[in-house]
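What follows is a set of notes on a single structure, which appears directly below.
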Amino acid sequence: MAQSDQEPDAGQDADPGTDPGVDAESYPDADADPGTAGRHRSAAAALRSRMVRRIAAGGGLTDPAWRAAFAEVPRHLFVPRYFRPLPGGGHDLLSAADPDPRRRLRWLAGAYADRPVATHVVDGELLSSSSQPSLMALMCQALDISGGERVLEIGAGTGYNAALLAHRLGAGPRTGAVTTVDLDERITAAARAHLAAYGTPAARSVTVVTGDGARGHRAGAPYDRVIVACELPSLPVALLGQCRPEARILAPFATGLVALTVRSATAAEGRFLSTPAFFVPLRGPSTTAAAEPAAAESTDRGSTVRGTGTPPRVIGNDLFRFLLTLLAGPLDLTWSPGSGTARLLAADGSAARTTPDGLTRISGPRDLWALVESAHTVFRDLGHPARTRFGLTVDGPRQWTWLDDPAGPYRWPVRTR
């Protein structure tokens with residue numbers, strides 16, 4: 001799910017009866033008369049205005065052009081139906097077509113809450129979502145757009161982010177400045193439909209492509225900016241060859257956001273932003289097998305037990321988890337405060353389970369807890385280094401993450417295939 005770890009305001013999913021300025025009849029059926037349709041537009045505008053104010057109050061949307069985009073592009077048109085997780089498991093479908101006006105209002109209010117919403121769930125698996133608006137605002141501003149750029153988006157989602165980008169860039173003589181790519185034709189078809197429903201010249205100028213995002217879209221190149229809306233296991237080098245020199249790439253990596261400057265068709269480098277971010281993984285034939293950890297399984301079969309001086313509670317520290325992911329690659333990490341137990345699982349079948357008594361049970365080809373111990377030494381000795389001290393370098397077939405200096409002593413290779 002595309003979100004930061006910032007907690008949303010408690011009032012952002014208020015019940016219809018308590019939502020300020022909106023009543024249960026404010027969102028009508030699609031075929032409602034002009035009067036009720038007008039009340040719907042007023043309710044949506046009020047909720048959108050509140051969303052923008054809250055993002056700005058949190059320090060976001062400092063650029064007036066981006067604030068205008070978020071104030072004008074109607075997010076609810078891009079999420080006509082979405083799923084909300086239920087406390088006991090499963091999902092509840094909220095929709096603009098619900099015959100119950102209170103549930104329609106709940107849908108509308110949720111569309112403007114500062115949290116991600118799941119839009120495509122298949123057999124319980126999240127395939128696509130609309131990202132948390134405040135995180136989208138941060139990413140949009142981090143692109144450093146001034147006007148006239150050509151932008152490639154990897155991960156079309158609902159089309160909302162592409163609409164925001166198109167609004168910011170305008171629909172002047174240079175149409176088609178925004179291209180968005182997604183592997184799933186159901187997702188791209190929905191994005192096209194949402195952009196068409198919005199219907200502004202800027203929205204209609206967006207090019208929506210069904211394809212492998214790791215391969216980009218050469219027909220729209222060269223790009224000045226690339227924004228990735230899915231977690232990358234490594235940077236797809238094909239994207240660099242479709243960028244202009246000094247282009248900027250913003251991508252989720254290792255539960256963070258890295259901003260890279262393109263140096264050539266095979267080289268790029270940059271640092272991480274300060275915020276954490278969690279996205280669904282990139283899918284497609286070009287994705288490395290290390291992208292996702294394997295499904296959880298018992299760590300007892302064929303395992304060994306040893307002692308450790310590293311407490312399992314370190315897994316509960318978000319900043320440490322970021323460093324560990326840089327060092328070890330994608331991991332399924334579970335910290336259980338009640339039992340004080342940490343569990344780790346990697347795609348290669350390696351696993352570890354560590355308990356508060358200082359014992360760790362390891363299995364598989366790698367000792368995952370040894371990686372935890374190495375990361376903890378760096379974390380402790382360097383005073384819990386901030387995310388902004390870390391970076392990523394791409395140089396031909398080689399990629400590595402680093403702390404403070406790309407050529408310094410703290411460097412970790414990134415598996416590319």
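Values quoted throughout were computed directly from the atomic coordinates according to the rules given, and no laboratory measurement underlies them. Here the structure is a predicted model, which is why all the values come from computation and not from measurement. In this analysis, Cβ positions are derived from the backbone assuming ideal geometry, glycine residues included, and neighbour counts consider all displayed protein chains.
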Q) For the pair ASP144 and THR416, what calculated FRET efficiency results from E = 1/(1 + (r/R0)^6), where r is the Cβ-Cβ distance and R0 = 30 Å, to the nearest 0.05? A) 0.65
Q | Principal-axis tilt of helix 368-381 within the chain, Cα atoms, nearest 10 degrees | A | 80 degrees
Q | For ALA156, net neighbour charge (Lys/Arg +1, Asp/Glu -1) across residues whose Cβ lies under 12 Å away | A | -2
Q) What 222 nm value per residue comes from the helices of the chain, counting each DSSP H run with n ≥ 4 as -39,500 (n - 2.57) and dividing by all residues, nearest 500 deg cm²/dmol? A) -8000 deg cm²/dmol
Q: Using per-residue counts of other Cβ atoms within 10 Å, averaged over each peptide, order 60-71, 397-408 from highest down.
A: 60-71, 397-408
Q) the range 299-363 to the range 90-119: how many Å between their Cα centroids? A) 37 Å
Q. What fraction of the DSSP beta bridges in the chain is antiparallel, stated in percent and rounded to the nearest 5?
A. 75 percent
Q) Where does helix 34-57 land angle-wise versus the long Cα axis of the chain, in degrees 0 to 90, nearest 10? A) 40 degrees
Q | Largest to smallest principal axis extent of the C-alpha atoms in the range 333-417, angstrom | A | 42, 32, 18
**Q.** Charge dipole (debye, nearest 20) of the range 293-381; +1 at Cβ of Lys and Arg, -1 at Cβ of Asp and Glu
**A.** 120 debye
**Q.** Neighbour net charge for VAL121 - beta-carbon separation under 13 angstrom, K R +1, D E -1
**A.** -1
(Q) Give me the extension gain from GLU72 to ALA265: residue separation times 0.36 nm, minus the current Cα-Cα distance, reported in nm with one decimal. (A) 65.8 nm
Q) Once the Cα gyration tensor of the range 90-129 is found, what semi-axes does its equivalent ellipsoid get, as square roots of 5 times the eigenvalues, in whole Å, sorted largest first? A) 20, 13, 7
Q. Based on the alpha carbon coordinates of the range 158-227, what radius of gyration and maximum Cα-Cα distance (Dmax) apply, in Å?
A. 11.3, 30
Q) Taking Cα atoms of the range 56-144, Rg/Rh with Kirkwood Rh, to two decimals? A) 1.02
Q) What label, among [x] 31.2; [y] 28.2; [z] 21.2, belongs to mean projected area of the Cα convex hull in nm² computed from the structure on display? A) [z]
Q. If you stretched the chain out fully between GLU373 and SER42, how much longer would it get, using 0.36 nm times the residue separation minus the C-alpha to C-alpha distance?
A. 113.6 nm
Q | Dipole magnitude of the chain about its Cα centre (Cβ charges: Lys, Arg +1; Asp, Glu -1), debye to nearest 20 | A | 740 debye
Q: Could you tell me what fraction of 2.2 N^0.38 Å the Cα radius of gyration of the range 124-171 comes to, as a two-decimal ratio?
A: 1.23
Q | Efficiency of FRET between THR210 and THR355 - r from beta-carbon atoms, R0 35 angstrom, step 0.05 | A | 0.15
Q.
Starting from the 7 Å offset along Cα-to-Cβ, what nm value, one decimal, do you get for the label separation of ARG313 and ALA65?
A. 4.8 nm
**Q.** Segment ARG380-ALA238, extension gain: residue separation times 0.36 nm, minus the distance between their alpha carbons
**A.** 47.4 nm
Q. Against the longest principal axis of the chain, how steep is helix 318-328, in degrees 0 to 90 to the nearest 10, with axes from Cα atoms?
A. 60 degrees
**Q.** Mean projected area (nm²) of the alpha-carbon convex hull when the range 293-381 is viewed from all directions
**A.** 5.2 nm²
